[in-house]
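What follows is a single structure, written as structure tokens, with notes after it.
Bear in mind these aren't lab numbers, they're just calculated from the coordinates by the rules spelled out. Quick caveat, the model's predicted, so the values are computed rather than measured. Cβ: placed from backbone, ideal geometry, glycine included. Neighbour counts: every protein chain shown.
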Amino acid sequence: MTQTVAEPEHLRSAFDAYVADEKKIEPKDWMPDTYRRTLIRQISQHAHSEIIGMQPEGNWITRAPSLRRKVGLMAKVQDEAGHGLYLYSAAETLGVSRDQMDADLMSGKAKYSSIFNYPTLTWADIGAIGWLVDGAAITNQIPICRCSYGPYARAMIRICKEESFHQRQGYEIMMKLCQGTEEQKRMAQDALNRWWWPSVMMFGPSDADSPHSAQNMAWRIKRFSNDELRQRFIDMTVKQADYLGLTFPDPDLKWNEERGHYDIGEIDWDEFWTVVKGNGPCNRQRMAHRTRAHDEGTWVREAATAFADKQRARQQQAAA
Ligand code: BYC
């Protein structure tokens, strides 16, 4: 990442020392332009992921197998809308508008997590998303609670608590399926087969191919590298799958005594970049749905703006 604006050296070194001292940067504090831009990029991508991530699950609300499952799934999807809103608000404190972030998502300029471009084919996929996708998300997000940017770090505390509930509801769905009929267990295994590799890829490119990692670690935005978090997730999840009696779609997965970690097979980075670049199984469907929802919500935004204008005019009149 290159620095485009000449910034006073003394401010830059005071900023670096402040961050190194584990102090939080707040919206009105001076910050390097590249720090501001990288946070806008990451936080808006995170917010978009929450909002787009509602689609593969929302698709199952009407088909959840019981009232209890429907209530749980609705609560989870609503939480995700809430996470998107906290995150958009955190990004707004950096000087970017919500309209701009929406426009960047819909034009394809801003990314969202690759994982949400895969289809949810059976009810077991809802279990697998909670277990694996939310499990990966928590692994990545707990360290962000200590991010150097105050509004992002604080938003993450509540988000992580809710993600933890999401992960458990997913694992519980998987547990029930695995304790059920042969067909239910087969569904659970099939969901793990399809969601495993995309979940492993969620952590982003390997450290050697991650252009932003070094600077983000120095700025205490990231605390651990993509590969470190991926390994933590793999080690944790293998044991959970053992308990379920499920197997992984990876013949090379094995415990490495020397490293004290599980080794995995080769990640298909071509698949990852194909999805990130917009050509995954559901990218076009996700964006078409998001754009349609945005257009259909125009009248709501206009009504809310007109109401706010009216309230402001009344307050000004009363104060005059
Ligand atoms: N998908 O240098 P790198 C959820 C991009 S939602 C797409 O390693 P960085 C949930 C990356 O943006 C959870 N793109 O970047 C919701 C960069 O491209 P640009 C979502 C990816 O920023 C609903 C390029 O690859 N979580 O939990 O240092 C239901 C190079 O990467 C991906 C977050 O957003 C990917 N997977 O590290 C259920 C967490 N990975 O921008 C659950 C916050 C990488 O230069 N974000 N790229 O064009 C982060 O922690 C970091 O931004 C990342 C990437 C680890 C994702």
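Name the residue that is nearest to the ligand (Cβ to nearest atom), counting only residues in the range 109-134 that are among the charged types (D, E, K, R) and not in a helix (DSSP H, G or I). Looking at the filtered set, the residue picked out is Lys111.
Return the residues of the range 224-257 that are hydrophobic (A, V, I, L, M, F, W, C) and either within 21 Å of Ala137 (Cα to Cα) or crowded, with 18+ Cβ neighbours inside 10 Å (or both); say none if nothing qualifies.
Our first condition is that a residue be hydrophobic (A, V, I, L, M, F, W, C); within the range 224-257, this holds for 224, 229, 233-234, 236, 238, 241, 244, 246, 248, 253, 255.
Listed by number, the residues that qualify are Phe224, Leu229, Phe233, Ile234, Met236, Val238, Ala241, Leu244, Leu246, Phe248.
Of the residues making up the range 91-106, one or more are within 17 Å of Ala155 (Cα to Cα), touching a Phe, Trp or Tyr at 6+ places or on another chain (Cβ under 9 Å), part of a helix (DSSP H, G or I) and touching a residue at least 24 places away in the same chain (Cβ under 8 Å).
Kindly evaluate Val71 against the criterion of being aliphatic (A, V, I, L, M) and either farther than 30 Å from Val133 by Cα or away from the ligand (no atom under 16 Å from the Cβ) (or both).
In short, yes.
Looking at the range 169-207 only, could you name the residues that are without any contact (Cβ under 8 Å) to a residue 24 or more places away in the chain, farther than 22 Å from His46 by Cα and of a type in the set (Gly, Ala, Ser)? Gly180 - this is the single residue of the range 169-207 that is without any contact (Cβ under 8 Å) to a residue 24 or more places away in the chain, farther than 22 Å from His46 by Cα and of a type in the set (Gly, Ala, Ser).
Residues of the range 145-168 that are in contact (Cβ under 8 Å) with a residue 24 or more places away in the chain and within 13 Å of Lys222 (Cβ to Cβ): Arg146, Cys147, Ser148, Tyr149, Tyr152, Ala153.
Would you be able to say whether some residue in the range 239-257 is within 16 Å of the ligand (Cβ to nearest atom), outside any loop (DSSP other than H, G, I, E, B) and free of Cβ contacts under 8 Å to residues at least 60 places away in the same chain? So far as the range 239-257 goes, no, none of its residues is within 16 Å of the ligand (Cβ to nearest atom), outside any loop (DSSP other than H, G, I, E, B) and free of Cβ contacts under 8 Å to residues at least 60 places away in the same chain.
Does Ala17 satisfy the criteria of being assigned to a helix (DSSP H, G or I) and over 18 Å from the mean Cα position of the chain (by Cα)? Walk me through how you get there before you give the answer.
Working: assigned to a helix (DSSP H, G or I): yes; over 18 Å from the mean Cα position of the chain (by Cα): yes.
Yes, satisfied.
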